[in-house]
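Participant: Got a structure here, written out as structure tokens. Questions coming.
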Amino acid sequence: MANYQEIFKDKKDFEAQYRAACQSELGKTFDQCSELEQFQVLARLIASKGNAQLPVSHSKDEKKVYYFSLEFLIGPLLDNYLINYGIRDLVADAMKDMGSDLDAVCRQEVDPGLGNGGLGRLAACFLASMAHNGMAGYGNGMRYRYGLFHQDIEGGRQVERTDNWLANGFPWETRKDASAVTVRFNGHVVRHEDEKGNFWFTEEGGDLVRAVPYDVPVIGFEGKVVNKLRLWSAEPAEENFDLDAFNDGDYAKANKFRSDVEAISTILYPNDAGEHGRLLRLKQEYLFVSAGLQTILRSYEKDFGPDWANLGKRVSVHTNDTHPAMCGPELLRILVDEKGVDFDEAFEIVHETVSFTNHTVMPEALEKWPINTFRSLLPRLYMFIEEIDRRWRDGLSEKLGEDGSSWTDVLRNTAILWDGKVRMANLSIIFSHSVNGVSALHSDILKRETFKDFARLEPELFNNKTNGVTHRRFLREANPAYSKLITDAIGDGWLSDANELEKLVPFESDVDFLDSMDVARKENKERLAAYIKETSGTVLDTNMVFDVQVKRFHAYKRQLLSVFKILDLRNRILDDPNFDPQPTAFIFSGKAAQSYAFAKEVIRLINSLADVVNNDPRVNQKIQVAFVPNFAVSNAQYIYSAADISEQISLAGTEASGTSNMKLMMNGALTLGTLDGSNVEISELVGPENIKIFGMKTEEVEALQASGTYYAWDRYNADRDRLGRIVDQLVDGTLAGLSGNFESVHDHLMVENDPYLVMGDFHAYVQAWEELTKGYADRRAWNKAALHNTAKAGFFSSDRTIAEYEADIWHIDA
Ligand code: 26Q
């Protein structure tokens with residue numbers, strides 16, 4: 001194992017290696033390199049240090065975990081890896097001597113958008129924590145040619161632009177041609193039989209795709225362990241180039257096979273129900289599953305020979321949501337068809353190897369594929385699914401026993417194949433030895449509602465693993481000013497063990513510490529305000545409370561409820577010049593899926609509101625509104641560290657966990673939230689005096705919805721002065737200046753009867769906000785609560801989450 005302090009012996013050694021790399025890679029002296037080139041050479045130099053450690057990081061006897069995810073939202077890596085190697089100061093110093101600036105060079109790095117939001121960022125946090133915890137944990141995903149779109153705002157509207165993240169190359173990746181594998185689509189199944197009557201199947205014909213891996217090193221904290229993230233790219237397996245067509249001048253036809261195949265790894269799909277059922281998405285899912293499993297088995301066989309019975313003891317395959325659900329059947333297919341393992345034994349091995357995390361509450365969001373599409377794309381795989389489904393159905397009557405439940409109900413809820421569809425969640429559950437939710441409340445809903453029949457039949461399958469985030473990125477790196485205060489107070493042990501943040505508790509009565517928090521926070525607010533001014537033109541007053549809601553735009557997350565509160569404040573300020581709410585800047589950021597019309601209208605609504613509020617001198621001394629375009633890992637780090645208030649206001653029972661709630665509380669923001677997702681755990685940990693909880697509870701929401709007695713019009717009529725007025729303002733021209741009224745938002749509330757009960761929680765929400773912000777006047781009391789949030793944040797480090805996965809799901813000996 002390499003010693004991280006020996007990555008570079010000293011500043012001089014670093015400088016010599018860096019200058020030599022500029023020469024050998026670019027044929028230039030360091031001084032001739034642009035900032036971008038300085039970044040690229042430095043990143044490759046650090047990547048090469050990581051790659052050198054890869055082969056010695058783990059012995060073959062360590063259990064290997066492969067984390068399969070269609071999304072890894074890794075963020076910029078250079079700053080992070082310099083911190084992890086413990087050489088950030090050394091490098092910054094050396095670069096200063098060399099006439100350059102490390103911060104500026106770090107800003108040259110792209111932020112790869114290889115994920116939608118929470119689920120993709122969670123996967124990246126898990127990679128970081130697996131490396132930190134020292135385990136052999138590898139990511140397996142897709143190398144999309146274009147990441148999630150870049151968001152611009154024009155006339156208040158979201159405009160999507162292609163994310164050409166590879167334009168300048170990606171210095172962290174290494175293409176591994178020698179590890180490429182072949183994946184077959186649209187083949188046909190052939191039955192073979194020998195003279196003794198034994199029979200077997202092969203799959204033949206169809207389209208062969210070459211899956212090529214690109215490896216990115218994952219450098220753990222203190223550089224003790226280096227793991228890797230393997231991302232797959234699709235290329236044509238044979239040169240099916242149509243020379244005749246080319247010579248006829250039909251270039252499109254000549255290149256058709258190539259472009260059809262390359263399409264598989266061209267784009268990342270948005271997490272939007274409208275995108276379900278696209279054939280290309282199914283191809284992506286199978287490509288990275290099959291390619292990943294083929295290489296896993298290849299290296300297993302190299303190490304242990306065909307000892308398949310022990311696969312599940314040496315290897316775990318973890319599936320991040322249902323997107324890699326084909327891992328189960330594909331592993332079964334390879335074991336049976338290619339390795340000659342008996343079917344029953346192979347299923348046992350698969351079951352012991354595969355585990356599954358669900359990330360959603362809403363049953364309508366569960367992934368399904370039409371059987372016909374599935375069977376023609378993957379005919380042999382489908383046969384295995386059909387057989388497992390048949391066995392499940394057969395086994396049901398026995399499993400149900402005496403408990404009297406209706407066999408047909410249970411079958412309808414648990415079968416894999418139903419109503420012409422392959423149901424990926426049921427598939428995942430039946431092939432896995434562990435099914436977990438991502439917060440206590442969510443895991444409870446899974447057992448009680450979403451998967452209740454499975455939970456009754458096999459309760460031991462289900463468990464909870466409350467999400468976490470890497471505090472080294474989202475506190476240490478995002479918030480250098482506050483991190484320094486923390487380290488000066490309690491030492492730097494918290495970086496490797498987040499529970500040490502508890503040592504901050506005594507400082508809650510240290511007025512010097514509490515006052516210095518203001519200085520740090522102010523610095524962060526200035527940094528964010530400068531960024532917002534540069535990217536959106538909005539000028540914020542950094543003396544105001546910074547009230548932040550940053551996340552994907554979705555109706556259930558209720559950004560609309562925030563808008564209602566801000567409009568209410570504005571109306572009251574206009575009505576009564578003596579009304580003096582705590583001066584607050586409301587900061588929003590997030591993307592809406594391209595085809596999600598309602599969510600895009602809410603973005604336009606926020607920008608219109610910003611236009612109205614910020615330009616009205618009667619209100620803009622008291623409130624301001626900003627929308628930060630193109631929310632991404634990199635600008636998120638500026639936002640989290642500058643927040644006073646964290647808005648976590650989803651309708652109770654709809655957000656599986658949330659993770660921005662953790663990132664924000666860790667940085668000392670006070671949560672204003674409903675009892676939803678992991679807000680429940682935050683609330684329990686910090687205590688009622690350090691968080692503001694409001695609104696209906698999950699059971700109340702369920703009861704209200706079941707009773708069918710919620711009427712948006714009743715809410716409207718009951719409070720024409722405030723609530724009704726806001727509803728009217730959506731369409732009466734108040735907000736129309738920038739780009740028109742908001743009829744569809746109005747109809748969402750009044751015609752579709754306000755499906756996420758925005759009007760139901762409105763009064764409780766405004767009242768809670770006023771009570772919370774009143775407290776800002778006593779800054780020391782506020783900072784005490786903020787510090788308590790940071791002190792209790794250790795639980796929300798993904799190091800803890802991963803330790804739980806290791807112990808309970810992957811069974812890794814400590
Ligand atoms: C599925 C099929 C076809 C196309 C796209 C999709 C798709 C893609 C992405 C479906 C869902 C997603 C992403 C879901 C997601 O980010 N969920 C969030 O996961 C977080 C981590 O567990 C939780 O904190 C959030 O509560 C949850 O919403």
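The values are calculated or read from the model by the stated rules, or taken from the named source; none is laboratory data. Since we're looking at a predicted model, the values are computed, not measured. Note: ideal-geometry Cβ built from the backbone for every residue, glycine included; neighbour counts use all protein chains shown. These accessible areas exclude ligands, DNA and RNA; they are computed on the full protein's heavy atoms, side chains included. Shrake-Rupley method; radii C 1.70, N 1.55, O 1.52, S 1.80 Å.
Participant: Any idea which of (1) in contact (Cβ under 8 Å) with a residue 12 or more places away in the chain; (2) more than 16 Å from the ligand (Cβ to nearest atom) is the one Thr319 doesn't satisfy?
Facilitator: Condition not satisfied by Thr319: (2).
Participant: Can I ask one more? Given the criterion surrounded by 19 or more Cβ atoms within 10 Å (Cβ to Cβ), in contact (Cβ under 8 Å) with a residue 60 or more places away in the chain and within 25 Å of Leu787 (Cα to Cα), identify the matching residue among Thr734, Thr671.
Facilitator: The conditions single out Thr671.
Participant: Let me ask something else. Among the residues of the range 742-764, which ones are without any contact (Cβ under 8 Å) to a residue 24 or more places away in the chain, open to solvent by 40 Å² or more (accessible area, probe 1.4 Å) and not aliphatic (A, V, I, L, M)?
Facilitator: Selection gives Glu743, Asp747, Glu752.
Participant: Would you confirm whether any residue within the range 702-722 is open to solvent by less than 80 Å² (accessible area, probe 1.4 Å), free of Cβ contacts under 8 Å to residues at least 12 places away in the same chain, at positive phi and among the small types (Gly, Ala, Ser)?
Facilitator: Scanning the range 702-722, I find at least one residue that is open to solvent by less than 80 Å² (accessible area, probe 1.4 Å), free of Cβ contacts under 8 Å to residues at least 12 places away in the same chain, at positive phi and among the small types (Gly, Ala, Ser), so the answer is yes.
Participant: Looking at the range 1-116, what helices (runs of 4 or more DSSP H) fall wholly within it and have at least 3 residues that are within 22 Å of Gly169 (Cβ to Cβ)?
Facilitator: The qualifying helices (runs of 4 or more DSSP H) are 11-26, 35-57, 78-84, 102-106.
Participant: Which of the following residues is buried (at least 20 other Cβ atoms within 10 Å of the Cβ), of a type in the set (S, T, N, Q) and within 16 Å of the ligand (Cβ to nearest atom): Asn133, Asn116, Asn140?
Facilitator: Only one candidate qualifies: Asn116.
Participant: Could I ask something else about it? Kindly list, by first and then second residue, each pair from a residue in the range 105-118 that is in contact (Cβ under 8 Å) with a residue 60 or more places away in the chain to a residue that is in a loop (DSSP other than H, G, I, E, B) and charged (D, E, K, R), limited to pairs with Cβ atoms under 7 Å and residues at least 6 apart or on different chains.
Facilitator: Gly113/Asp163; Leu114/Glu71; Gly115/Glu71; Asn116/Glu71; Asn116/Arg552; Gly117/Lys551; Gly117/Arg552
Participant: Can I ask one more? Quick one: in the range 479-522, which of the residues that are more than 15 Å from Leu787 (Cβ to Cβ) and more than 28 Å from the chain's Cα centre (by Cα) is least open to solvent (accessible area, probe 1.4 Å)?
Facilitator: My answer is Gly491.
Participant: Inside the range 683-701, can you point out the residues that are in contact with a helix residue (DSSP H, G or I) (Cβ under 7 Å, 6 or more places away or on another chain), in a helix (DSSP H, G or I) and open to solvent by less than 40 Å² (accessible area, probe 1.4 Å)?
Facilitator: Val686, Asn690, Thr698
Participant: Open to solvent by 60 Å² or more (accessible area, probe 1.4 Å), closer than 30 Å to Glu345 by Cα and part of a helix (DSSP H, G or I): is that true of Arg258 in this structure?
Facilitator: So Arg258 does not fit the description; no.
Participant: Report, ordered by the first and then the second residue, all pairs with beta carbons closer than 6 Å, sequence separation of six or more or different chains, a first member in the range 557-586 that is without any contact (Cβ under 8 Å) to a residue 60 or more places away in the chain and more than 17 Å from Leu735 (Cβ to Cβ), and a second member that is open to solvent by 50 Å² or more (accessible area, probe 1.4 Å) and not in a helix (DSSP H, G or I).
Facilitator: Once the first residue is without any contact (Cβ under 8 Å) to a residue 60 or more places away in the chain and more than 17 Å from Leu735 (Cβ to Cβ) and sits in the range 557-586, no partner that is open to solvent by 50 Å² or more (accessible area, probe 1.4 Å) and not in a helix (DSSP H, G or I) comes close enough.
Participant: For the range 750-806, name all the residues that are part of a helix (DSSP H, G or I) and of a type in the set (D, E, K, R).
Facilitator: Within the range 750-806, Asp761, Glu770, Glu771, Lys774, Arg779, Arg780, Lys784, Asp799, Arg800, Glu804, Glu806 meet the criteria.
Participant: For Ala167, are the conditions met, namely being closer than 20 Å to Lys228 by Cβ and among the hydrophobic types (A, V, I, L, M, F, W, C)?
Facilitator: Taking the combined requirement at face value, the residue does not satisfy it.
Participant: While we're here: Taking Asp728 and the conditions (1) touching an Asp or Glu at 6+ places or on another chain (Cβ under 7 Å); (2) part of a helix (DSSP H, G or I), which numbered condition does it fall short on, given that it satisfies the others?
Facilitator: Failed condition: (1).
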